[in-house]
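Have a look at the structure below, then the notes.
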Amino acid sequence: MLKRFFKDSLLYSFGGFAAKGASLLLVPVYTQILSPADYGTMDMMKMVAAIALLTVALEVTQAVARFYPESEDKNTKAAYVSTGFWFSLGTYGFFALLGLLFSTPLSEIILDTSSNVIIFRVAILGVFLNGIFRYFKSQLKWQLRSKIFLIASLSALCLDIAATLFCMLNLNMGVLSIFIGQIFASLGGCGVAYFCNRSVYRLQFNIPILKEMLRFSWPLVPSGIGIFISMYTDRLVIKEMLSLHELGVYGIAFRFASIMSLVFLGIRYSLLPLVFHQLKNKNTPGEINKIFQYVLFLLLVILLFLSIFSKEIIELLTSPEFYPSYTVMPLLAVAAIFTNIYVFAPGIIIAKRTKYIAYISIGTAVVNLCLNLLLIPVWGISGAALATVLSSFLGLWIQFFLSQRYYYIPFEWSKVFVSTLLAGILIGIGYNLSFSFILQISIKSIIILTGAFIIPLILIGPQNIKSLLKFSSLGITKR
């Protein structure tokens, strides 16, 4: 399991980091052409896309993930995949139709003006196509076809960049270019993903199978709404209490902090399918704990870098009006960890108790909303970031607590606490340094290297580090 996990994680992560790397490299271009208000528009439509992807298809992809590995008959497997696909196509199509029919009033509500109705319409089409692309990619994931997943993702990325830059630089289409790029990306990605995996799709729609899947997945819909509120409450409240300018500044910080989420992209896509396939193996819980330790070490080192060099990163890659975003970047990076590390608490999904996930998500969302309403008037965007950290930690703790009841994993919490505390102390020291540029960079680098050396000794242990290095060297040699 460990070998397959690392292989798949690297492939998934490579695609994710390629996308994020391209996004970050394009930030200097975008921030010279787009205003903070344009970024605010992008964030609002991103929220619309997020809620649609979480709710419109009733999370049927999660049901396919749960039932597909258990099916031993080829025809039954195809029935699950095909039924889920046609259901997703119909629901996303209906969503897009409603969005286009009511685009003018919806644009006024969501973007505060009907002058952006064209942007809204193009973005809605992008959501429709992205939903279908998401289904195709998910199926590649459940079939453990990580190489094809990577090819489809990179194809979409290249089309996205090419179309966006062409429209932005040659046609002067401004923020509309971003959404046009997303449409081309989804179209190309769908073509590659379907062609390489077309044998599992059939002209088949099985109503009993759909009912079985929806019984499992529908509780994830209120959960999705809760996740949406938790993820985007801060931006919604910032928009209402502050302005689109502050939302744009906050959005830039969120984009850099979301690098933490990229680590989880490979983990989430590779770990859960492997767990579903290895449920009967008695060694699986122990292997999950080992993977958790390795991943937490990586997360803490990345967190050190993003937090300690937050100011330098923002000033290097953005324009002056976005500089204040560095103050909230460390908090948002921590929140990204809390929001995504639930992947190591699979017990609720394994036990098919999806209603508990809904309760946790909705409860966390309520707490997040209350904290944002209390803290944003006091501390502005910093209050929003702090509210996100506190609420996401609460939801994470509850999910781990319940998960351990259904599928126990022998986590070593004392090591987790000590290594996390050390990372927090190092961040506190490095973040507030103020010397000459060269000296400041040097000291900050030393602090990060110190953490990168000490944290694995605490968290993983010298012997396990040697084993991991040996395993990695063997993998490189084989390649």
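The values are calculated or read from the model by the stated rules, or taken from the named source; none is laboratory data. Computed from a prediction, not measured in an experiment: that's the story for all the values here. Using ideal geometry, Cβ is built from the backbone for each residue, glycine included, and neighbour counts are taken over all protein chains shown. These accessible areas exclude ligands, DNA and RNA; they are computed on the full protein's heavy atoms, side chains included. Shrake-Rupley method; radii C 1.70, N 1.55, O 1.52, S 1.80 Å.
Hey, does the range 262-273 have a residue that's among the polar types (S, T, N, Q) and outside any helix (DSSP H, G or I)? Lay out the reasoning, then the answer.
The initial filter retains those residues of the range 262-273 that are among the polar types (S, T, N, Q), namely 270.
Narrowing the set further to residues that are outside any helix (DSSP H, G or I) leaves none.
No, there is no match, as no residue in the range 262-273 is among the polar types (S, T, N, Q) and outside any helix (DSSP H, G or I).
Table: residues versus (1) outside any helix (DSSP H, G or I); (2) buried (at least 23 other Cβ atoms within 10 Å of the Cβ); (3) in contact (Cβ under 8 Å) with a residue 12 or more places away in the chain; (4) among the charged types (D, E, K, R).
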{"site": "Ile341", "(1), (2), (3), (4)": "no, no, yes, no"}
{"site": "Tyr359", "(1), (2), (3), (4)": "no, no, no, no"}
{"site": "Thr364", "(1), (2), (3), (4)": "no, yes, yes, no"}
{"site": "Asn368", "(1), (2), (3), (4)": "no, yes, yes, no"}
{"site": "Leu371", "(1), (2), (3), (4)": "no, no, yes, no"}
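Suppose we keep only residues that are open to solvent by 10 Å² or more (accessible area, probe 1.4 Å) and of a type outside the set (Phe, Trp, Tyr) within the range 207-218. Which one would you say is farthest from Glu70 (Cα to Cα)? My answer is Ile207.
Conditions (1) open to solvent by 50 Å² or more (accessible area, probe 1.4 Å); (2) at pLDDT 95 or above; (3) over 24 Å from the mean Cα position of the chain (by Cα), marked per residue:
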residue	(1), (2), (3)
Ser382	no, no, no
Gly424	no, no, no
Asn432	yes, no, yes
Leu439	yes, no, yes
Ile460	no, no, yes
Lys466	yes, no, yes
Ser473	yes, no, yes
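Does Ile455 satisfy the condition of being more than 30 Å from Leu244 (Cβ to Cβ), open to solvent by less than 50 Å² (accessible area, probe 1.4 Å) and either in a helix (DSSP H, G or I) or of a type in the set (D, E, K, R) (or both)? Spelling it out, Ile455 is indeed more than 30 Å from Leu244 (Cβ to Cβ), open to solvent by less than 50 Å² (accessible area, probe 1.4 Å) and either in a helix (DSSP H, G or I) or of a type in the set (D, E, K, R) (or both). Residues that are over 30 Å from Leu317 (Cα atoms), among the aromatic types (Phe, Trp, Tyr), open to solvent by less than 20 Å² (accessible area, probe 1.4 Å) and at pLDDT below 85 occur at least once in the range 4-21. Cβ-Cβ contacts under 9 Å between residues 6 or more apart (or on different chains), taken from a first residue in the range 40-60 that is more than 16 Å from Phe95 (Cβ to Cβ) to a second residue that is outside any helix (DSSP H, G or I) and among the polar types (S, T, N, Q), are listed as Gly40/Ser243.
Going by the conditions given, is Gln182 crowded, with 23+ Cβ neighbours inside 10 Å and closer than 18 Å to Lys46 by Cβ?
Numbers: crowded, with 23+ Cβ neighbours inside 10 Å: yes; closer than 18 Å to Lys46 by Cβ: yes.
Yes; evaluated as a whole, the condition is true for this residue.
Taking the range 92-114 as the range and being open to solvent by 20 Å² or more (accessible area, probe 1.4 Å) and within 18 Å of Ile180 (Cβ to Cβ) as the test, only Leu100 passes. Within the range 74-90, being at pLDDT 90 or above, open to solvent by 30 Å² or more (accessible area, probe 1.4 Å) and either farther than 16 Å from Tyr194 by Cβ or of a type in the set (Gly, Ala, Ser) (or both) holds for Phe87, Gly90.
Can you name every residue in the range 231-257 that is open to solvent by 20 Å² or more (accessible area, probe 1.4 Å) and not in a loop (DSSP other than H, G, I, E, B)? I'd like the intermediate steps shown before the answer.
So in the range 231-257, the residues open to solvent by 20 Å² or more (accessible area, probe 1.4 Å) come out as 231, 236, 239-246, 254-255.
Across the range 231-257, the qualifying residues are Met231, Leu236, Lys239, Glu240, Met241, Leu244, His245, Glu246, Phe254, Arg255.
When residues in the range 377-423 are screened for being of a type in the set (Phe, Trp, Tyr) and over 16 Å from Val343 (Cα atoms), 3 of them pass. Answer with yes or no whether Ile118 is under 19 Å from Tyr269 (Cα atoms), of a type in the set (Val, Ile, Thr), assigned to a helix (DSSP H, G or I) and open to solvent by 50 Å² or more (accessible area, probe 1.4 Å). So Ile118 fails the test.
Within the range 61-71, one or more residues are within 27 Å of Cys158 (Cβ to Cβ), part of a helix (DSSP H, G or I) and open to solvent by less than 20 Å² (accessible area, probe 1.4 Å).
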